[in-house]
Each structure stands twice: as C-alpha cells, then as structure tokens.
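The values are calculated or read from the model by the stated rules, or taken from the named source; none is laboratory data. This is a predicted model, so every value here is computed, not measured. Virtual Cβ from ideal backbone geometry, glycine too; neighbours counted across all protein chains shown. To get the accessible areas, we keep the full protein, side chains included, count just its heavy atoms, and leave off ligands, DNA and RNA. Shrake-Rupley method; radii C 1.70, N 1.55, O 1.52, S 1.80 Å.
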Amino acid sequence: MTVGTDTRSAMADGTRRRARAVLAMLALFIVVNAADKAVLGLTAGPIKDDLGLSATEFGLIASSFYLLFSLSAVSVGFLGDRIRPRPLLAVLALVWAVAQLPILLPATGFGALVATRVVLGAGEGPGFPLANYTAFTWYPEKRRALPSAVVVAGGAGGTVLAAPLVVLVSNTLGWRAAFGLLGAAGLVWMLVWLRIGGGGPYAAHLGPEPAGDEPSAQDVPAVTADGERPAVPFRRIVTTGTWLGATFATFAVMWTLSLGFAWLPLFLEDQAGFSDAQISGIVGLPALSMAVLVLTAGVVAHRLLRKGASARVAQGLVGALLPLVAGVCLLLVTRADPAALLLPLLIVAFSAGNGQTPLTNAAIADICPAGRRSAALGLSYALAALSSLLAPYVTGRIIDAAPTEAVGYGRAFDLAACLLIAGAVLSALLIRPDRDALTVLSAHPATSSASRGASSASGPDAEPSAKE
C-alpha cells in the first residue's frame with residue numbers, strides 16, 4: 001500500500017468521524033427546536049394562572065409563533081445557498097436564546113410573550129430544513145435517507161425529553177425558569193457548534209473555507225466558456241413531480257401533527273374518558289413511535305438504495321406506505337368499538353406519517369444541484385408548515401359546527417385521514433427522484449454532462465476524495 005493510499009484512507013476516516021459528530025449536533029439542534037415549541041403548551045396552566053389570561057389570549061400567544069414561521073423558512077432557505085452552515089445555524093440558535101431568556105424577567109407579561117414567540121417562530125422556521133440541508137452536505141446522494149432520519153428523530157426526541165424536564169423545572173423553580181433553561185441550552189449548542197460544526201464535502205462552493213468544507217466534484221457545476229457556473233432555474237425544481245408530491249405529503253403530515261398537539265389531549269379527556277395523569281403519559285407515546293418509525297424508514301431506504309433499488313422505490317413507494325397506514329388508522333380511531341384498539345390506532349395515526357419525512361427530504365435534495373438544495377427544502381417546508389397554522393383553527397370550526405362534539409371530532413379526524421391518504425397516493429405517483437434529477441439538469445447540458453461524468457467516475461456512493 002502506498003503512502004498516498006494511506007493518506008487518502010486516513011482523510012476519509014477523518015471525514016466520516018466529523019460527519020457523525022456534525023450529524024449528532026444537528027440532531028441536538030432539532031431536540032432544542034422541538035423543546036422550544038413544546039414549552040408553552042407544557043406550562044400553559046401556570047402561565048394562565050400567573051398572568052390571568054383567558055383561553056383566547058393564551059391561544060393568541062400560541063398562534064403568534066407561526067406568524068413569521070413560513071416566511072422566515074423561505075427567506076433563510078434561500079440564504080442557505082449563499083451563506084455557510086456554520087454561521088447561519090449559529091445565528092438561528094442565538095435568536096432562539098434571545099427569544100427565550102427575557103421571559104426570566106418578572107415583568108414579562110402578555111405582550112412580551114407574544115413578541116418573543118413571534119421572534120422564536122421566525123428563528124425556528126428555517127431550523128428543520130437547514131439542519132437537513134447541512135446533513136446532506138456530509139453524505140453522497142445514495143446515503144442521505146438515514147442522516148435525514150436522524151435529524152427528524154431529533155424532533156421526536158425533543159418532544160419526549162422536554163415534557164418531564166420542563167414540568168420538573170416549572171414545578172420546582174417556576175414556569176419562567178423552564179423558558180430560561182431552554183434559552184441557555186440554545187447558547188450552549190451555539191458555542192459547541194461554532195467549535196465543531198460546518199458544511200461537508202458535498203456542499204455547493206461558496207468561497208474559501210477549510211478543507212473539510214470543500215465541495216466534491218459532482219456537486220460543483222461545470223464552468224462555462226465565459227467562466228461562469230450555470231444556474232439551474234429554480235422554477236424547474238419546484239415544478240417537478242418529486243418536489244410537488246413531497247411538499248403535499250409533508251403538508252398532510254404536518255396537518256396531522258398540529259392536530260395532535262392542539263386537540264388530541266382534549267379528545268382523550270372528553271371523548272375517551274382518560275384522566276389527566278393518564279393523558280400526560282399517553283401524549284408521549286406517538287413521539288416515541290415516531291422516532292422508531294423515522295429511523296426504521298431511513299434504514300430501510302438506505303439499504304434498498306445500497307442494493308440497487310431505484311430512488312422511486314426507496315423514497316417514493318416505501319415512503320408512501322407510512323402516511324397510508326396512518327390515514328387508515330385515523331379513519332378507524334372514532335369508529336373503534338373495543339377500547340383496547342383505541343390507543344394503538346392513535347399512536348400509529350399520529351406517528352407513522354412522519355416516518356415519510358426523511359425520505360421526502362432526501363428525494364428533494366437528490367433532484368437539486370447543491371447550490372439550490374437549501375432554497376428548495378426551505379420553500380417546501382414553509383408551504384407544508386402552513387398546515388400547522390390552519391389545522392387547529394379548522395378543527396375548532398368543524399367541532400363547533402357539528403351537532404355533537406363526538407361527531408365533530410369524527411369529521412375533523414376524517415379530514416386529516418383523507419389528507420394523509422391523498423399524500424400517500426401522490427407520493428407513490430409523483431416522487432421519482434431519478435427521473436426528475438435528469439429533468440432538472442437537462443436545463444443546462446454542461447451541468448448534466450459534468451454530473452454524469454463525476455457519477456461514472458466515482459459511483460453513486462463514492463467517498464470524498466483525499467482533497468476533500
């Protein structure tokens with residue numbers, strides 16, 4: 001074995017180790033993200049009592065989180081194609097801390113809570129798509145489903161971990177201390193990220209950076225005769241079946257998730273007859289199931305791709321099975337006679353759909369040149385996240401308009417189930433990353449030729465070169 005071969009092997013090992021470290025940091029990033037979202041609901045009782053809020057006022061505080069959520073996700077998503085992940089994610093974490101820490105002040109009341117939740121939502125809107133985008137810069141095309149699954153699982157983990165910790169801190173030190181704790185967690189994450197984080201060898205070329213952040217050959221578009229890299233029109237990406245199918249599927253999944261956060265506890269109490277103590281344990285079960293399903297879906301897709309299956313099968317068809325199962329279970333929730341069936345149906349209904357999310361994220365990433373990935377993921381997530389704003393309100397209107405609450409819940413759950421099933425069907429029909437990647441690149445033959453040349457030279461699962 002030559003010295004050159006030893007050097008390349010050592011550098012490849014170093015790249016793998018750093019990729020794993022960055023992926024762990026990104027998962028923790030989403031854990032903090034999810035906990036920040038959950039803290040308001042987990043401390044709702046003490047907040048309402050301490051500040052003397054009505055249900056409408058508290059609902060306004062909760063809704064204010066989404067005021068700038070989608071707009072920020074789109075705007076920062078486009079910046080993600082121009083600014084490197086290290087400073088961009090650090091700034092987002094700093095915004096989270098700035099939004100949470102002022103709540104420690106005793107003078108913070110209704111108006112300040114609304115303002116800080118608006119700021120927090122603006123900072124958290126881009127968090128999930130940018131975390132996925134950054135993870136993708138460390139892995140080649142055929143290995144992106146599993147890293148995305150790890151990032152998505154961080155959200156489920158944040159929900160599970162936040163509940164007991166926030167309740168403990170709130171009961172011991174007061175509800176304001178719970179917000180302060182999460183603000184401090186954001187600051188700690190930011191400092192560690194600035195030390196070890198960054199983009200990987202599959203990132204777009206954005207200027208000078210240490211060797212660990214240099215792009216690979218297949219991710220850098222060919223240079224044209226006048227010295228410029230050709231840019232793929234963004235409209236060509238967002239009109240592909242893969243992008244449209246993945247975005248609608250995510251819309252349906254996020255509709256169901258927000259429905260669960262807002263209305264599932266009330267359904268369990270009013271319609272299923274569970275006590276408060278039982279409900280506090282039950283609401284965490286879908287998050288645990290979600291983490292398992294997300295990671296399992298990522299592993300299955302990863303293995304299928306490694307064995308030569310097409311991306312349509314691994315990401316489109318396999319992914320479509322999960323919201324389909326969730327939709328069927330949700331249809332049965334209000335129709336299940338034996339009480340023993342209710343909990344299993346609820347757990348699957350409010351968790352299985354999200355198992356598709358890492359696969360749709362990977363599918364979108366696979367059809368995009370590196371310089372368009374962040375914007376494509378950000379816009380998709382922003383449009384899908386509109387369902388989080390709509391679902392709780394629409395559900396309330398449906399329940400109020402129904403002759404009884406039981407009928408209203410049935411109609412609201414049926415609507416969510418139909419959205420999930422429609423998302424599954426569209427996923428199966430439209431998500432075809434292999435075909436759509438060629439469609440996108442055909443806009444610029446030079447880019448397409450360069451990509452095919454790099455792919456044939458290094459293979460779909462090639463490791464970064466020694467230089468990278």
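List the pairs whose first member sits in segment 14-29 and is without any contact (Cβ under 8 Å) to a residue 60 or more places away in the chain, whose second member is open to solvent by less than 20 Å² (accessible area, probe 1.4 Å) and of a type outside the set (Ser, Thr, Tyr), and whose Cβ atoms are under 6 Å apart, counting only residues at least 6 apart or on separate chains?
Pairs found: none.
With 436, 414 as the choices, which residue is open to solvent by 30 Å² or more (accessible area, probe 1.4 Å), more than 24 Å from residue 76 (Cα to Cα) and part of a helix (DSSP H, G or I)?
Going through 436, 414 in turn, the sole match is 414.
From the residues in segment 324-368 that are hydroxyl-bearing (Ser, Thr, Tyr) and in a helix (DSSP H, G or I), which one is nearest to residue 411 (Cα to Cα)?
Out of the qualifying residues, it is 357.
From the list 377, 390, 383, which residue is of a type in the set (A, V, I, L, M, F, W, C), in contact (Cβ under 8 Å) with a residue 60 or more places away in the chain, open to solvent by less than 10 Å² (accessible area, probe 1.4 Å) and outside any loop (DSSP other than H, G, I, E, B)?
When all the criteria are applied, what remains is 377.
Filter segment 75-112 down to residues that are touching a Ser or Thr at 6+ places or on another chain (Cβ under 8 Å) and at pLDDT 85 or above and give me whichever is surrounded by the fewest Cβ atoms within 10 Å (Cβ to Cβ).
Taking the candidates together, the pick is 102.
List the helices (runs of 4 or more DSSP H) that sit entirely inside segment 205-322 and contain at least 2 residues that are open to solvent by 10 Å² or more (accessible area, probe 1.4 Å) and at pLDDT below 70.
Hits in segment 205-322: 241-270, 276-282.
Take the conditions outside any loop (DSSP other than H, G, I, E, B), at pLDDT 90 or above and open to solvent by 10 Å² or more (accessible area, probe 1.4 Å) and apply them to residue 116. Does it pass?
So residue 116 passes the test.
Identify, from the list 130, 187, the residue that is open to solvent by 30 Å² or more (accessible area, probe 1.4 Å) and part of a helix (DSSP H, G or I).
The unique qualifying residue is 187.
Which condition breaks for residue 108 when tested against (1) farther than 17 Å from residue 125 by Cα; (2) in a helix (DSSP H, G or I)?
Single failed check for residue 108: (2).
Let's see how each residue does on (1) in contact with a Pro (Cβ under 6 Å, 6 or more places away or on another chain); (2) more than 25 Å from residue 361 (Cα to Cα); (3) aromatic (Phe, Trp, Tyr); (4) without any contact (Cβ under 8 Å) to a residue 24 or more places away in the chain:
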{"site": "114", "(1), (2), (3), (4)": "no, yes, no, no"}
{"site": "124", "(1), (2), (3), (4)": "no, no, no, no"}
{"site": "129", "(1), (2), (3), (4)": "no, no, no, no"}
{"site": "140", "(1), (2), (3), (4)": "no, no, no, no"}
{"site": "143", "(1), (2), (3), (4)": "no, no, no, no"}
{"site": "158", "(1), (2), (3), (4)": "no, no, no, no"}
{"site": "171", "(1), (2), (3), (4)": "no, yes, no, yes"}
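Can you tell me which of (1) among the aliphatic types (A, V, I, L, M); (2) within 16 Å of residue 357 (Cβ to Cβ); (3) open to solvent by 10 Å² or more (accessible area, probe 1.4 Å) is the one residue 135 doesn't meet?
For residue 135, the exception is condition (3).
Table: residues versus (1) modelled with pLDDT under 85; (2) under 30 Å from residue 201 (Cβ atoms).
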| residue | (1), (2) |
| --- | --- |
| 328 | no, no |
| 334 | yes, no |
| 357 | no, yes |
| 376 | no, yes |
| 389 | yes, no |
| 414 | no, no |
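If you go through segment 172-184, how many residues are open to solvent by less than 20 Å² (accessible area, probe 1.4 Å) and of a type in the set (D, E, K, R)?
0
List pairs: first in segment 351-370 and more than 15 Å from residue 381 (Cβ to Cβ) and open to solvent by 10 Å² or more (accessible area, probe 1.4 Å), second modelled with pLDDT under 90 and among the aliphatic types (A, V, I, L, M), Cβ under 8 Å, 6+ apart or cross-chain?
Qualifying pairs under 8 Å: 366/311; 366/437; 369/204; 369/232; 369/440; 369/441.
Condition first: outside any helix (DSSP H, G or I) and open to solvent by 50 Å² or more (accessible area, probe 1.4 Å). Now tell me which residues in segment 62-74 satisfy that.
Within segment 62-74, 66, 67, 68 meet the criteria.
Output the qualifying pairs, or none if there are none: Cβ atoms under 9 angstrom, residues six or more apart or on different chains, first residue in segment 83-103 and without any contact (Cβ under 8 Å) to a residue 60 or more places away in the chain, second residue polar (S, T, N, Q) and not in a helix (DSSP H, G or I).
So the pair list comes out as 102/108.
When you scan segment 338-347, do you find a residue that is farther than 20 Å from residue 422 by Cα, at pLDDT 85 or above and either open to solvent by less than 10 Å² (accessible area, probe 1.4 Å) or in contact with a strand residue (DSSP E or B) (Cβ under 8 Å, 6 or more places away or on another chain) (or both), even just one?
Within segment 338-347, none of the residues are farther than 20 Å from residue 422 by Cα, at pLDDT 85 or above and either open to solvent by less than 10 Å² (accessible area, probe 1.4 Å) or in contact with a strand residue (DSSP E or B) (Cβ under 8 Å, 6 or more places away or on another chain) (or both).
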